[in-house]
Amino acid sequence: MKAQKHYLPPEIRYFIVVQKKMGKKTKDIINLVERKFQRKIVKNTVSKIYDKYLINGSVEDRPKPGRPPKLSEEEEKQLIGNVVNNRQLIPTIIEKDPILNPENASARTLEKVLNKNGLFDSTDVPQPLFDDDRRSVSILFSNVKLKILIGL
């Protein structure tokens with residue numbers, strides 16, 4: 001079993017801390033983790049997890065820096081409820097409605113929230129596309145292309 005360079009879940013981290021507190025040797029903890037969780041870890045991982053536990057008092061991930069979400073969880077739930085009740089609502093319509101979008105979130109932000117919950121896909125909405133020569137218009141709808149010729 002090869003050592004993995006992936007995220008170690010809190011369950012395994014807590015297991016390591018408990019074993020370390022019980023006085024188990026690092027080598028024994030490595031073997032226990034390998035048998036119980038089918039994960040290969042190295043000696044340094046056990047030491048770092050326990051040291052971080054002693055410093056922070058927890059093995060949970062610290063908050064990551066970044067932009068705060070535009071919509072709160074409650075606002076996301078309300079948005080999802082509105083879309084479930086009215087499947088005609090799409091992000092570009094919601095974006096312009098101050099009642100449905102009091103936080104003034106962009107259509108892209110709204111689309112991400114709906115995509116995350118399986119409620120919107122950009123192929124759900126007809127999108128006109130103009131050819132370079134401007135003589136025909138393509139309409140994409142559910143991945144089916146329909147060409148309409150117009151005389152210019």
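A short reminder: the numbers here are calculations on the coordinates, not readings from a lab. These numbers come from a predicted model, not from an experiment. Because the Cβ atoms are built from the backbone with ideal geometry, glycine has one as well, and the counts that use them run over all protein chains shown.
On the given criteria, is Pro91 in contact with a Lys or Arg (Cβ under 8 Å, 6 or more places away or on another chain) and within 30 Å of Thr109 (Cα to Cα)? The answer is yes for Pro91. Contact annotation: residue pairs with Cβ atoms under 8 Å, 6 or more positions apart or on different chains, pairing a residue in region 96-110 that is over 14 Å from Val83 (Cβ atoms) with a partner that is among the polar types (S, T, N, Q) and loosely packed, with under 11 Cβ neighbours inside 10 Å, are Pro98/Asn104.
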